[in-house]
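Here is the structure we will look at, set down as structure tokens.
The values are calculated or read from the model by the stated rules, or taken from the named source; none is laboratory data. What you are looking at is a predicted structure, and each value in this text was computed from that prediction instead of being measured. Positions of Cβ are generated from backbone atoms using ideal geometry, with glycine treated the same way; all protein chains shown enter the neighbour counts. All accessible areas refer to the heavy atoms of the entire protein, side chains included, with ligands and DNA or RNA removed. Shrake-Rupley method; radii C 1.70, N 1.55, O 1.52, S 1.80 Å.
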Amino acid sequence: YKIILNSYLKPLRKMMVKSYISNLLVFLTSVCLPVAATAAGGRLVSNPANLKGEYFTNPIVFSDYSDPDVTASPDGKIFYMTASSFQCAPGLPILRSTDLVNWELVNYAIKAVPPAEVYSTVQHGKGVWAPSIRCHNGEYYIYWGDPDVGVFMVKTADPEGEWSEPVLVVPGKGIIDTTPLWDDDGRLYMVNGWAASRCGFNSLITVRELSPDGTRAISDPVVVFDGNDGVNHTVEGPKLYKRDGWYWIFAPAGGVVDGWQLAMRSRNIYGPYEPRIVMAQGSTDINGPHQGAWVDGPDGRGWFLHFQDRGAYGRILHLNPLEWRADGWPVIGSDPDGDGCGEPVKRFSRPAPADASLSYDELQSPALYEWHSNYAADRYGFALPQGMMRIYSGRISEPANLWSLSNLWLQKFPAEKFTLTARVRISAKESSEGVSSGLVVMGWDYSTLALCKRGEVFELQRGVCADAEKGAPESVETLATITPTRIYPSGLLRNLEADIWLRVEVGEEALCNFSYSLDGRKFHRAGAPFKARAGKWIGAKVGFFSLAPEGVADLGWIDVLEVKIKK
């Protein structure tokens with residue numbers, strides 16, 4: 001009996017130790033997730049074709065880094081960029097470059113969008129709008145406007161390390177697109193635009209003074225430019241600079257899709273400002289070239305990094321030369337006719353030699369993904385010790401529609417054409433009838449490829465929803481029956497588990513084709529093509545979800561084990 005008993009106990013003890021270690025690792029990684037999620041590990045997000053050569057090609061980043069702003073390190077050797085992140089968390093991405101062409105995602109400045117309780121559920125299109133990043137006295141500052149709450153600020157001595165907790169600098173509605181300027185006498189000013197959707201008016205640029213520590217306003221705003229002139233409508237996104245005794249405001253006008261770039265100058269911080277159009281689409285196919293950042297590059301030349309609206313792909317990034325003319329005005333891009341209004345360039349000599357240490361890796365990092373609202377471990381899921389993320393089912397009421405699901409784990413489209421392949425493990429309890437988990441391309445319209453638990457098997461389903469924001473129900477097509485890879489006891493209820501590879505191929509015009517595989521080698525087409533559509537102020541995103549119908553007690557989950565992207 002002793003020999004027989006030991007033969008059972010020995011492997012059982014090993015299993016218990018392995019289980020303990022595994023559970024401990026899951027616990028530790030889940031506890032550390034809010035911190036670990038801010039460390040991006042230097043993932044290249046720019047065009048891999050620009051890694052070599054004397055010239056670069058636009059767009060430099062074919063991904064949705066909306067409303068970009070850039071600042072240089074004190075020694076001028078490193079550049080840091082941030083961009084709008086809206087309701088997504090972690091937010092305020094921090095990107096690093098040495099040549100203004102190739103950019104790595106290295107951090108996030110905020111772990112959660114403030115106020116935390118507001119953004120504990122998805123708030124499409126709200127949150128972090130058009131931030132600015134500046135370096136002053138060895139510290140980096142980011143200011144941004146939440147159109148519903150007010151102006152926030154965070155700061156740090158190390159952009160790739162921890163940032164301070166957000167401070168509400170100016171409470172109020174409609175204050176957006178904020179930029180600070182430390183003047184020569186040490187006084188601090190802030191410029192901003194206004195959102196008509198919140199305060200009832202727009203096309204105004206105002207300036208006010210902040211306290212020396214940048215934490216509060218000490219004067220009322222003053223109108224310094226009025227775009228309600230029948231010419232420069234929708235002026236917004238101002239960036240404030242000073243050069244050779246002139247105060248400069250760079251601001252886009254005319255709208256995101258068809259607008260142009262203004263530069264305006266004054267000898268007085270409060271104006272009046274004289275405007276001039278310094279870049280427009282002209283004869284190019286690069287629409288709406290505006291809203292970005294002027295910075296002096298490592299070569300000493302001026303450069304302007306801005307976005308172009310590309311629909312489902314979001315606001316992708318271009319880099320253009322900025323030249324100061326003899327009359328003291330800048331011109332951005334190419335100006336062959338010499339009229340002072342440039343056109344965006346497609347190809348140009350790069351600001352500095354390419355960083356030979358950079359490379360593109362198909363194997364993805366969890367840092368490229370954001371939740372659709374502030375992360376909550378007890379509701380969303382945990383990092384995996386041998387994989388990327390476990391996502392538990394979010395509950396949504398009928399009719400099923402992912403627009404209201406907060407725990408979507410998504411990334412930006414990384415290129416115009418790409419293939420994403422994910423190795424996942426999908427689980428559901430015996431009682432978790434109707435629980436569905438899988439891959440999603442998300443926007444105002446969305447499509448899913450998922451496994452739904454039905455009895456003793458999983459159904460492979462394609463879901464499609466048009467006008468999700470309006471509460472439209474999802475149409476679902478069952479494509480195949482998938483037998484569980486394994487069924488094992490889990491408490492009083494059995495657990496069904498399926499290993500599967502899910503794939504989406506995104507082609508020109510954001511046309512998406514889904515497929516699946518049971519062995520990682522042979523893939524089967526899964527339903528009709530789907531045309532991706534932008535979300536609210538953001539481009540389409542791709543990632544993972546799990547949902548449980550209302551009334552189902554036991555949640556399911558999806559383990560995202562590995563993701564590869566080929567551009």
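Things worth noting here:
- Per residue, segment 411-567 exposes an accessible area of 40 Å² to a 1.4 Å probe, with every protein chain left in place.
- Inter-part distance where segment 498-565 and segment 266-318 are each reduced to a Cα centre, Å: 35 Å
- Of the trypsin sites (Lys or Arg not before Pro) found in segment 460-554, those that fall in a DSSP loop while having at most 14 other beta-carbon atoms within 10 Å are R521, K522, K536.
- Cross-link pairs beyond the 18 Å C-alpha cut-off, checked among K111/K541; K541/K567; K346/K566; K126/K173; K541/K564: K111/K541; K346/K566
- Surface share of carbon and sulfur [accessible, 1.4 angstrom probe, percent] for the chain: 54 percent
- Surface analysis of segment 123-265 yields an accessible area of 35 Å² per residue, using protein heavy atoms and a 1.4 Å probe.
- Efficiency of FRET between W324 and D229 - r from beta-carbon atoms, R0 35 angstrom, step 0.05: 0.85
- FRET efficiency estimate (nearest 0.05) - Cβ-Cβ, D378 to K522, R0 56 angstrom: 0.90
- The sum of -39500 (n - 2.57) across all DSSP H runs of n ≥ 4, divided by the residue count of the chain, sets its helix-only mean residue ellipticity at 222 nm to -2500 deg cm²/dmol.
- Prolate/oblate/rounded call for segment 70-123, Cα gyration tensor, a/c under 1.5 rounded: prolate
- Take the Cα of I78, step 7 Å toward its Cβ, do the same at Y488, and the gap between the two points is 4.4 nm.
- Projecting label points 7 angstrom from Cα along Cα→Cβ for D184 and D467 puts them 5.8 nm apart.
- Cβ-Cβ FRET estimate between A196 and R454, R0 fixed at 51 Å, reported to 0.05: 0.55
- Contact order, relative form, for the chain: 14 percent (alpha carbon pairs under 8 Å, 6 or more residues apart, mean separation divided by residue count).
- A full extension of the chain between S359 and S397 corresponds to an added length of 9.2 nm, given 0.36 nm per residue minus the alpha carbon distance.
- Global geometry of segment 117-257, whether rounded, prolate or oblate, following the gyration tensor of its Cα atoms and the 1.5 cut on a/c: oblate
- Spin-label model distance (nm) - E139 vs D285, 7 Å beyond Cα toward Cβ: 4.8 nm
- Cα shape, segment 372-517, gyration tensor, a/c 1.5 rule: rounded
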